[in-house]
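Asker: Handing you a structure now.
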Amino acid sequence: MARAPEDSPPKPSAARAEPTAKSPRKAGRPTSAKPRPSKAETAPKAAKADAPDAAASTAKRRPKPAPAAETTAPETDGAASPFGADQAQLIETLSMNLAKAAMMAQGALAEAALSQADRPAALSPDPFNIAPALTSVMGSLAARPEKLFQAQADLFGRYMDLWADTARQAAGEPAKPAPADKRFKEPEWSENPMFDLMRRSYLLTSDWMNGLIAGVEDVDPAVKRRAQFFTRLLTDAFSPSNFLASNPVALKALAETSGESLVRGMQNFAADLERGAGSLRISQADYGKFVVGQNVATAPGQVVWRDDLFELIQYAPATETQHRIPLLIFPPWINKFYILDLQPGNSLIRWLSSQGFTVFVCSWVNPDRDKAGYGFDDYLDKGVYRAVEKTLEQAGTDRLNAVGYCIGGTLLGAALAHMAARDDQRIAAATFFAAQHDFAEAGDLLLFTDDHWIAEIERQMDAAGGVLPGAAMADTFNALRSNDLIWSFFVSNYLLGKDPPAFDLLFWNADQTRMPKALHLAYLRQMYGANALAQGAFKIGGLTADLSKVTIPLYFQASREDHIAPMNSVYRSAKLFGGKDVTFTLAGSGHIAGVINPPTAKKYQHWTNAELPDTLAEWQAGAVEAPGSWWEHWAAWLRARSGEPVAARDPSAGPLPPLEPAPGAYVKVKS
């Protein structure tokens, strides 16, 4: 699951001044550059710049930016300098820093090339199978020359309007507002006519290109979608904001710091290459600021069961009494469970405890090579069934309520069908957060499930010993929102030379897990590829899962801007189950912020409708909007199905002996 954070991270800050003695750099990050002292603090000194040694420009020994005030203009042999002393000093400092930045970039790239030299080449130079898709789209356009001529005329007309607007602006008329785009929100883009024209021209052309592909007819929808996705990635990459020479904000920072911002940026670039062992792993957060169990994932509780697949965590009560029926949460195994417990103020786990629920969480192991052969059957028998058994044993009840988040919800749905076939009634009611069971409209992730891409994924897993590296899924999710999760950090970290923000959500987003080969291939092929669960053809635990046989009360939550589990896909999933008591709620925002939205935040909105008509559009037409979080609506639904109050359960006093405090050991294993 992972995804892409919808909330904006705190604004990154430029590197702080360092003391005279060089402090050791943080793990994985370069030391910050020293800003220029003021003239009042430092008298100008003659510059002495030794020729740099190329071998010394490695990622482990990087030159610091030249302090601007510590150099002066070189002496001349009688010829008058066209610049004053201060100007010459700044020019020399800028030149030195530009040279150092170039050397650091070259050294980092050389190291990356060496580290990648012994790795096998990819099986396919086009793993996304883009070339055939573009060929089909271009063929369709060529077969309709009148449509192509119309598109060219439209582009020409747009540019004529742009040139006319530019001429009026040059004559003193106020410029028309450009389309809102956070890549160009800084005033430097509109204050300078040249950059304003560059911005408008780019937006005009990229919109035209994407519209041209979207308007193609007589092409398979999946092929067209692939071409659209690639075109959007291409136009996003060529934004003028992504290049130093065409980004006025980066050029301003370069001038104001005499090149120090670029040196810092190349330090960040080299450190990210080093962290990725030769592959660029753009830092999205200051990873050194957070420690799992210390300042994230801090809800009190105990690990009461551990085996080779999961740890079962029981959280401490926050009320004197709790509902008799406990709540067991199955998070996704693509990410770690502490998205449900980032900080005390937004912890769903803490909030549920405060509402009188006994909360258990299944913390999945971060699988290694020994679990390469684990599949859905293993996660059903050794995961869902065993977690249910141990939760009931610890709580002293014969039934529980369950929650499945994202792919954890997909597994829970299949498990409920398996239980229905066996008349197993241990799960009394279930809730699904952003979970899909019908994958016919599963969004852009469908692009990553064709035979070409699956072959590339299988190659990566074989090379890693039978598991999918965590970084592979991170790259996939980042590509779905490249402007937010790739290019914004590229500009901030490298072109502006800022340190990544200390943002807990982005720290969690980067804390990826591995996935067993057998399980992941089955998920891609059977869910995304064949849509087997919705078609009644998915086999698990020796049975064929029939969702229509599940009749227990169900609650489905979807998010309006979710790009991983689109709202229509979740709605279609809700319609597959056979019970009469099925509730669907739509939240504002996306895959993460739509779910993790505490009532105290007073953010976004949600929609409710007691009916479940045939289509989402019909449901939305009859839905009622309410401000803020959906948690209280769900808690009322859950409370009515959780039994009478009983004395609060102490995790340390149950039949299962406590093994260690929450969040346990498995969640701390890095990929």
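Asker: Fully extended, how many nm does the chain gain between Asp126 and Ala142 (0.36 nm per residue separation, minus their Cα-Cα distance)?
Answerer: Details: separation 16, 0.36 × 16 = 5.76 nm, distance 2.35 nm.
Residue separation times 0.36 nm, minus the Cα-Cα distance, leaves 3.4 nm.
Asker: Same structure again: Based on the alpha-carbon gyration tensor of region 284-324 and its eigenvalue square roots a ≥ b ≥ c, which shape applies: rounded if a/c is under 1.5, prolate if not and a/b is larger than b/c, or oblate?
Answerer: On the way: a/c = 3.55, a/b = 1.52, b/c = 2.33.
Judged from the Cα gyration tensor, region 284-324 comes out oblate (a/c at least 1.5, b/c at or above a/b).
Asker: Quick check on packing: order 248-255, 275-282, 397-404 by the mean number of other C-beta atoms within 10 Å, highest mean leading.
Answerer: 397-404, 248-255, 275-282
Asker: Considering only C-alpha atoms, what is the centroid distance from region 317-350 to region 359-376, in Å?
Answerer: Between the Cα centre of region 317-350 and that of region 359-376, the gap is 19 Å.
Asker: Also: Sort 475-484, 218-227 for me by packing, meaning the mean count of neighbouring Cβ atoms within 10 Å per residue, highest on top. Walk me through the numbers before you get to the answer.
Answerer: Values: 475-484: 18.4, 218-227: 16.1.
Those peptides, ordered most packed to least, come out 475-484, 218-227.
Asker: Residues with beta-carbon under 10 Å from that of Ala534, excluding Ala534: net charge, scoring Lys, Arg +1 and Asp, Glu -1? List each step's numbers first, then the result.
Answerer: On the way: positive: Arg572, Lys575; negative: Asp438.
Cβ neighbours under 10 Å give a net charge of +1.
Asker: Quote the FRET efficiency, to the nearest 0.05, computed for Lys668 versus Asp381 with a Förster distance R0 of 41 Å and r equal to the Cβ-Cβ distance.
Answerer: Working: r = 26 Å, r/R0 = 0.63.
Given R0 = 41 Å and the Cβ-Cβ separation, E is 0.95.
Asker: What are the ³J(HN,Hα) couplings of region 540-546, residue after residue, when phi is run through the Karplus curve with 6.51, -1.76, 1.60 and θ = phi - 60°? Round to Hz, x for glycine and proline.
Answerer: Listing the rounded values in order: 8, x, x, 10, 8, 6, 10 Hz.
Asker: Can you order the peptides 334-347, 130-143, 261-274, 630-643 by their average number of other Cβ atoms within 10 Å per residue, highest first?
Answerer: 261-274, 334-347, 630-643, 130-143
Asker: Provide the gained length on full extension for the span Ser279 to Leu543, in nm with one decimal, where the gain is 0.36 nm per separating residue minus the Cα-Cα distance.
Answerer: Values: separation 264, 0.36 × 264 = 95.04 nm, distance 4.29 nm.
Additional length available on full extension: 90.8 nm.
Asker: Then there's this: By how many nm would the segment from Gln87 to Glu389 lengthen if fully extended, with 0.36 nm per residue of separation less the alpha-carbon distance?
Answerer: On the way: separation 302, 0.36 × 302 = 108.72 nm, distance 7.55 nm.
Using 0.36 nm per residue and subtracting the Cα-Cα distance, I get 101.2 nm.
Asker: While we're looking at this one, here's another question. For the Cα atoms of the chain, what angle does the longest principal axis make with the long axis of helix 407-421, in degrees from 0 to 90, nearest 10?
Answerer: The helix 407-421 is inclined about 10 degrees to the chain.
Asker: Carbon and sulfur together cover what percent of the accessible area of region 386-429 at a 1.4 Å probe radius?
Answerer: On the way: 440 of 1270 Å².
On region 386-429, the fraction of accessible area on carbon and sulfur atoms equals 35 percent.
Asker: Classify region 290-403: rounded, prolate or oblate, from the alpha-carbon gyration tensor (a ≥ b ≥ c, eigenvalue square roots; a/c under 1.5 rounded; otherwise prolate if a/b is larger than b/c)?
Answerer: Numbers: a/c = 2.30, a/b = 1.24, b/c = 1.85.
Verdict is oblate for region 290-403.
Asker: Nearest 5 is fine: what % of DSSP beta bridges in region 284-371 come out antiparallel, could you say? Mind showing how you got there, number by number?
Answerer: Values: 10 of 14 bridges.
Of the beta bridges lying entirely in region 284-371, close to 70 percent run antiparallel.
Asker: Could you order Leu114, Leu352 by accessible surface area, starting with the largest, using a probe radius of 1.4 Å? Before the final figure, lay out each step's value.
Answerer: Values: Leu114 135, Leu352 0 Å².
Of Leu114, Leu352, the descending order of accessible area is Leu114, Leu352.
Asker: Another question, if that's okay. Take every DSSP beta bridge whose two residues both sit in the chain, then give the antiparallel share in percent to the nearest 5.
Answerer: Numbers: 28 of 52 bridges.
Here the share of antiparallel DSSP bridges comes out near 55 percent.
Asker: Now, a different point. For the cross-link pairs Lys371/Lys539; Lys382/Lys668; Lys182/Lys670; Lys382/Lys517; Lys498/Lys668, which exceed 24 Å when the distance is taken from alpha carbon to alpha carbon?
Answerer: Values: Lys371/Lys539 20 Å; Lys382/Lys668 21 Å; Lys182/Lys670 33 Å; Lys382/Lys517 17 Å; Lys498/Lys668 28 Å.
With Cα atoms farther than 24 Å apart: Lys182/Lys670; Lys498/Lys668.
Asker: So if I take the centroid of the Cα atoms in region 571-636 and the same for region 465-508, what is the distance between those two points in Å?
Answerer: 29
Asker: Using a Förster distance of 25 angstrom, determine the FRET efficiency expected from the C-beta separation of Leu659 and Thr321, and round it to 0.05. Before the final figure, lay out each step's value.
Answerer: Values: r = 26 Å, r/R0 = 1.05.
After rounding, the FRET efficiency stands at 0.45.
Asker: Quickly work out the Glu632-to-Arg158 label distance, labels modelled 7 Å from Cα along the C-beta direction, and quote it in nm with one decimal.
Answerer: Once both label points are built, they end up 4.5 nm from each other.
Asker: Sticking with this structure for a sec: Cβ under 11 Å from His437's Cβ, His437 left aside: what net charge do those residues give with Lys, Arg +1 and Asp, Glu -1? Show your work: numbers first, answer last.
Answerer: Details: positive: Arg572, Lys575; negative: Asp438.
With Lys, Arg at +1 and Asp, Glu at -1, the neighbours total +1.
Asker: As a check on your grasp of the helix formula, calculate [θ] at 222 nm for the chain: sum -39500 (n - 2.57) over DSSP H runs of n ≥ 4, divide by the residue count, round to the nearest 500.
Answerer: Working: 19 runs with 235 residues, N = 671.
-11000 deg cm²/dmol, from helical runs alone.
Asker: Turning to a different aspect of this structure: Give me the accessible area per residue for the chain, probe 1.4 Å, as a whole number in Å². Working shown, then result.
Answerer: Values: 28860 Å² over 671 residues.
Spelled out: the 1.4 Å probe surface of the chain, per residue, equals 43 Å².
Asker: A further question on this structure: Can you give the net charge of the other residues whose Cβ lies under 12 Å from the Cβ of Ser206, counting K and R as +1 and D and E as -1?
Answerer: On the way: positive: Arg158, Arg183, Arg199, Arg200, Arg232; negative: Asp181, Asp207, Asp236.
My count for the surroundings of Ser206 gives +2.
The values are calculated or read from the model by the stated rules, or taken from the named source; none is laboratory data. Bear in mind the structure is a predicted one, so any value in this text is a computation, not a measurement. When we count neighbours, we look across all protein chains shown, and the Cβ atoms used for this are built from the backbone with ideal geometry, even at glycine. Surface accessibility is based on the protein's heavy atoms, side chains included, excluding ligands, DNA and RNA. Shrake-Rupley method; radii C 1.70, N 1.55, O 1.52, S 1.80 Å.
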